[in-house]
Amino acid sequence: QTPQEIKDRGTVNIGMLVDFPPFGILNTEGKPDGYDADVAKLLAEDFGVKVNLVPVTGPNRIPYLLSNRIDFLVASLGITPERAERVDFSQPYAGIEISVVGEKGLDIPDAAALAGQSVGVARASTQDTSLTKVAPEGTNIQRFDDDASAVQALISGQVPLIGASNTVIAQIQKLRPDTYDKKFDLAQQVQGVAVKPGSDELLKEINQYLTEAKKDGKLNAIHEKWLGQPLPDFIADDTAPRVDGKPASK
Amino acid sequence: MIREFGTSDFLFILFAVRWTLLLSAIAFAGGAVGGLVIALARVSQNRIFSGLALGFIRVFQGTPLLMQLFLVFFGINIFGISVTPLLAAAIALTLHASAFLGEIWRGSIQAVPGGQHEASWALGLGYLDRMKSIILPQAARISVAPTVGFLVQLIKGTSLASIIGFVEMTRAGQIINNATFEPFTVFGLVAVFYFILCWPLSIAARQLERRFSRATAR
Amino acid sequence: MTERTSGAAAVRMEKVGKWFGDFHALKGIDLEVANGERIVICGPSGSGKSTLIRTLNQLEPVQEGRIFVDGMELTGGDRNVDAIRREVGMVFQSFNLFPHMTVLENCMIAPRKVKKIDKAEAEKTARHFLERVRIPEQADKYPAQLSGGQQQRVAIARALCMNPKLMLFDEPTSALDPEMVKEVLDTMIDLAQEGMTMLCVTHEMSFARSVADRIIFMDRGEIVEVAPPDRFFDAPEHERTRNFLGQISH
Amino acid sequence: MTERTSGAAAVRMEKVGKWFGDFHALKGIDLEVANGERIVICGPSGSGKSTLIRTLNQLEPVQEGRIFVDGMELTGGDRNVDAIRREVGMVFQSFNLFPHMTVLENCMIAPRKVKKIDKAEAEKTARHFLERVRIPEQADKYPAQLSGGQQQRVAIARALCMNPKLMLFDEPTSALDPEMVKEVLDTMIDLAQEGMTMLCVTHEMSFARSVADRIIFMDRGEIVEVAPPDRFFDAPEHERTRNFLGQISH
Amino acid sequence: MRSAGFGDPVNDRCPRQVRARLIDDREDRLNYDFNFAPVLANYPRLLEGAWVTIQLSFGAMVAGLVVGLMGAIAKNAGPRPLRWLVDAYVEAIRNTPFIIQIFFIFFGLPAIGLRFSPNVAALVALIINVGAYATEIIRAGIESINRGQVEAGIALGMKRAQIFRYVILRPALRTVYPALTSQFIFLMLTTSVVSVISASDLAAAGNDINAETFASFEVYLVITVIYFILSIGFSALFSAIERVAFSYPLSR
Ligand SMILES: Nc1ncnc2c1ncn2[C@@H]1O[C@H](COP(=O)(O)OP(=O)(O)OP(=O)(O)O)[C@@H](O)[C@H]1O
Ligand SMILES: Nc1ncnc2c1ncn2[C@@H]1O[C@H](COP(=O)(O)OP(=O)(O)OP(=O)(O)O)[C@@H](O)[C@H]1O
Ligand SMILES: [Mg+2]
Ligand SMILES: [Mg+2]
């Protein structure tokens, strides 16, 4: 996949989540919207082509990319080495913190205390992979299809704990104030644009543009718009391209 | 960031009904053609035809529709042939419906009493006339009830098309739920919509079945 | 009704043998039926009566011997089967009318589809024969709306509409209520008087006595005795025949 | 087989009336049957013959009049129904054997479950009556493996196993092939000769003539004529009876 | 309103000429590398998942049969309010997707104090689901029994319960056995959606492996084959049961 092909075609097909507020949602008109949508639009603008936002789901977003249904993903895809075996990542364009939250009374200061507990996560999400990595023997990780189901499991009492991003945690606090609190941080996740392996030219152009957008404040503006706070420094300052999911050492 | 469940969300789910309906219609139309072929092949004297038809029925009745959808959508694309979600859903649902309708209709054809075949042989009617004028019209009558019953199954089955990105009713519900966190409102509504679609068909199927069993009881 | 002048016998069977799997259902059947002859076949259940007459239009194919109908060889290959079926009318015990067609349509379907006769002509013939079996007024009813006796008369009319040279009857009255037997037998007597060649399986001995030219008694797949009615009833040659007659006329 | 010495009549019906919805199926039936008496009931189809004998074990409840069986009032409340059903054996036109049980099991089920007789005892009785109906060798077959005549004899044995005082037969031979009628009639003649009280609906006039003490002719829900066989056949009183006899003996 | 959430990115929005070219040049991009190694490396988890699927299916079949029998008896002979209740249950279940039913059972029932683990919730949902279908099927079987059979039982002095148990039950089940078993196979395939409530069935194992290895196509292919093998296995089991339980001959 080369930028030239996309430009010739006049449309770029970009996969994004629509069930991951505030990054990807459907607005009241039923159109994809959110932080990811705005980033995707900026990228399309840079290519000088029309944007076609294709809704994907957490479990199927990588298959979508690998089977040529879309040109790339701006789908809140956390950069991890596992995923980097299947797709190539750009530099980060957003970041979230993943933590474990749970019922107030529970004393879970760190991952070791999870033994014997049930923790809900969205399947194939960063919380899933990072929790799986740190959870001790005897942790019961329950994987749901999306964050909403995991949250519902927490609220209905089916699980006492879930792994979730800071944005989801904010929503839980709104839904049920003072019932749950954050136990410990799991990971800081940075999200990258993902392309099919081997699409080096395309990746290069995306990286270039992201570097630019971080400098001229465009990315910051939409971050303020959707998340109500400026782009965190660890994203804004990180413009190194990714190799195997890690910053390339210069 | 969470919004209240509002009219626009209601409408979003309501309008997703058309995809449920469209997918069902496509599946039913495709399944009708495929099912007839399968059924005729299955009752034919030719061992190869009936064997192939049996194999087809076994495979597509023996694996989950969910997996069929997935494999058609992503599988065909891997070989470089582009399939749209609609086409993929149409293919997978057609294969699925062909297997089930083929089996239903095979049963109906075989339920036509043997005497009817014999009488039409004795009158010298050929294969096409026999099928067209004698056997299929009677089989059709027998099959109406189970066919309508299967339609209900099919409508509900389209909810699985969400796995390949179709925003039909169930998927619409999931999306709205992610934005509103009111699962019981959202999924309750979705359930009600399905019920409104399916219930009249279920009733029709049952009444047709009654009428048929009364007609044959004499 | 029409005069037939053919030198050949209506039916000739030569050493016909028939197996169902291992079961030997017809054994060395030799039989010649002249044009215009009326034959009644009787015998115990399972003796092969139905099988015998069903071989005459190849509803049951045979494995051994030769069968000629109206001078054409039935056993010589598939060529003749269709031609012969057109010459042979069959009336079943269970009527086998087509339930989704009116009486008239039942009578018209074969002339139209098989003989390609046009609609008006076929209807004329059909009405003619419905008249013959004395139910012209039932033409537009469906089979289910008729009594058993009426249904069987429709079945006879349906067969006659093909202008067969030979009529086969397989226990045409045994599925009827006692009161309806008579109407069907009367219809058959009419046919017999007009010189139709008939083979009839029946246990109606009064019919056999008054109508048959010859009576055939079968047992265990063999033709045991062939005789005109007088001799058959009054002086049967074979022990088995006597036993049978003793049983059915209690 | 066992002597019965009861002063009461086996059956007494007083002004019995029966409706199906608006349809008046039995009209003012008066009938008394003595112990050991053999009654044949005949009449045109739909005249109420089956309905009449079915009221005697309350397969059809009546709306009017009183019925006594073996001195117990059937119409007086539910108390007696179970007791009476045990005293009344019934044989249906369509046999109604239980297809999933062997012949022996068919004969043992009611004694064991209803009379709580132990298994060995029930088997002994069953074998005894299978002997009586002359098919002891069929005990381990399933009904579907028997001829119609054999099935009907099993049905008779099954009823006899309950040691009934009264046997009801509803056209027991009319679903049989001609050759099998005789075996069943012979069985019934045996029973009659042993003094069993019998009510039998049948069109077998030779049986009626030789076995019945009285013949009842019904038409349109009424008992039209009751007479001993000789008078019934040779000098029927009523016009309707004469018509009927004319029809069935063609 | 037109949802942007579906449809084909290429065909819907591309000028025709461009589209033709696109399809052309997709053809020489068959660069998907099949890689079954990660799937096969995870075979113990697939087996575990398959085992859960077998347990769920089998448990739901047995319990669903019992529910179906009780439902059918209630519909046949129960008092009127009970019949309505059973009707409402059957209709509600048969006319809504299973995925929504399981959702309500897992997330909704805790509100009234009924809390099941995911696998148990999945089992309960499957039983409730298949019970509704079995009710209808068995009811039809009971109604198909010739009235004469019942009358023969009555004439022999049997009680209603005895007639049901000894006269009706076995022939009724035999009549509907094919319908019942195909419903059971369908049930087994339906279990593939229980992963939405984090049950650990075969499909969930596949999803998890997929999430870790992203070898989606290979994973789905393999679990589809496993489902097929399971359905053949269950069919074999059913015909074995049929041979044992319903071996008596039918009338010709
Ligand atoms: N399709 C078949 N397969 C196997 N055996 C058969 C088949 N049709 C008939 N038979 C057997 O062939 C024998 C002759 O059957 P056929 O129907 O000709 O007897 P029938 O004389 O007409 O008896 P019935 O008076 O009962 O009609 C019987 O023993 C029967 O069981
Ligand atoms: N369950 C029923 N509901 C309504 N009408 C009935 C019912 N059972 C019988 N009848 C009617 O009652 C009348 C008498 O029926 P019954 O079966 O007693 O006649 P039958 O003399 O036994 O006739 P057949 O010789 O045909 O057996 C018939 O007109 C029949 O239509
Ligand atoms: Mg026969
Ligand atoms: Mg009757």
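The values are calculated or read from the model by the stated rules, or taken from the named source; none is laboratory data. Because the structure is a prediction, the values reported are computed rather than measured. A quick note on method: Cβ atoms are made from the backbone with ideal geometry, for glycine too, and the neighbour counts reach across all protein chains shown.
Some values worked out for this structure:
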{"quantity": "Helices (runs of 4 or more DSSP H) completely within segment B:113-218 that count 3 or more residues being at the interface with another protein chain (Cβ under 7 Å from one of its Cβ atoms) and surrounded by fewer than 24 Cβ atoms within 10 Å (Cβ to Cβ)", "calculated": "B:114-122, B:136-157, B:183-217"}
{"quantity": "Number of the exception - C:Cys42 against (1) hydrophobic (A, V, I, L, M, F, W, C); (2) outside the structural domain of C:Ile156 (by TED's automatic domain parsing); (3) out of contact with any His (no Cβ under 8 Å at 6 or more places or on another chain)", "calculated": "(3)"}
{"quantity": "Single unsatisfied condition, A:Ile108 versus (1) more than 10 Å from every other protein chain (Cβ to nearest Cβ); (2) at positive phi; (3) surrounded by 15 or more Cβ atoms within 10 Å (Cβ to Cβ)", "calculated": "(2)"}
{"quantity": "Test for C:Gly43: is it within 13 Å of another protein chain (Cβ to nearest Cβ), more than 16 Å from ligand 3 (Cβ to nearest atom) and buried (at least 23 other Cβ atoms within 10 Å of the Cβ)", "calculated": "no"}
{"quantity": "Where C:Ala8 falls short, out of the listed (1) small (Gly, Ala, Ser); (2) within 15 Å of ligand 1 (Cβ to nearest atom); (3) at negative phi", "calculated": "(2)"}
{"quantity": "E:Asn119, sole failed condition from (1) surrounded by 22 or more Cβ atoms within 10 Å (Cβ to Cβ); (2) within 12 Å of another protein chain (Cβ to nearest Cβ)", "calculated": "(1)"}
{"quantity": "Selection count, segment C:173-211, where residues are under 13 Å from the mean Cα position of the chain (by Cα), touching a residue at least 40 places away in the same chain (Cβ under 8 Å) and in a loop (DSSP other than H, G, I, E, B)", "calculated": "2"}
{"quantity": "Checklist (1) out of contact with any Gly (no Cβ under 7 Å at 6 or more places or on another chain); (2) within 14 Å of chain A (Cβ to nearest Cβ) applied to E:Phe217, failing item", "calculated": "(1)"}
{"quantity": "Residue check for B:Ala53: under 14 Å from the mean Cα position of the chain (by Cα), buried (at least 19 other Cβ atoms within 10 Å of the Cβ) and assigned to a helix (DSSP H, G or I)", "calculated": "no"}
{"quantity": "Selected residue (only one of D:Glu60, D:Glu3, D:Glu73 is within 24 Å of D:Met162 (Cα to Cα), within 13 Å of ligand 2 (Cβ to nearest atom) and modelled with pLDDT under 95)", "calculated": "D:Glu60"}
{"quantity": "Selection within segment A:180-204 - crowded, with 21+ Cβ neighbours inside 10 Å and either touching a Gly at 6+ places or on another chain (Cβ under 6 Å) or under 30 Å from A:Pro160 (Cα atoms) (or both)", "calculated": "A:Tyr180, A:Lys183, A:Leu186, A:Gln189, A:Val190, A:Gln191"}
{"quantity": "Entirely in segment A:64-173, the strands (runs of 3 or more DSSP E) that have 3 or more residues that are in contact with an Asp or Glu (Cβ under 7 Å, 6 or more places away or on another chain) and farther than 20 Å from E:Ala205 by Cα", "calculated": "A:88-103"}
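The rows are residues; the columns are (1) in contact with a Cys (Cβ under 6 Å, 6 or more places away or on another chain); (2) more than 20 Å from B:Ser133 (Cβ to Cβ); (3) within 16 Å of ligand 3 (Cβ to nearest atom); (4) in contact (Cβ under 8 Å) with a residue 12 or more places away in the chain.
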site	(1), (2), (3), (4)
C:Arg54	no, yes, yes, yes
C:Val69	no, yes, no, yes
C:Asn80	no, yes, no, no
C:Ile84	no, yes, no, yes
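Per-residue answers, yes or no, for (1) crowded, with 21+ Cβ neighbours inside 10 Å; (2) within 14 Å of chain D (Cβ to nearest Cβ); (3) within 12 Å of ligand 1 (Cβ to nearest atom):
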| position | (1), (2), (3) |
| --- | --- |
| C:Leu166 | yes, no, no |
| C:Thr173 | yes, yes, no |
| C:Asp186 | no, yes, no |
| C:Glu194 | no, no, no |
| C:Thr197 | yes, no, no |
| C:Thr202 | yes, yes, yes |
| C:Arg209 | no, yes, no |
| C:Asp213 | no, no, no |
| C:Phe217 | yes, yes, yes |
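Conditions tested, residue by residue: (1) closer than 28 Å to C:Asp177 by Cα; (2) of a type in the set (Val, Ile, Thr); (3) assigned by TED's automatic domain parsing to the domain that holds D:Ala110; (4) within 16 Å of ligand 2 (Cβ to nearest atom).
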position	(1), (2), (3), (4)
D:Pro136	no, no, yes, no
D:Ser147	yes, no, yes, no
D:Gln150	yes, no, yes, no
D:Ala159	yes, no, yes, no
D:Glu171	yes, no, no, yes
D:Ser174	yes, no, no, yes
D:Met196	no, no, no, no
D:Arg214	yes, no, no, no
D:Arg220	yes, no, no, yes
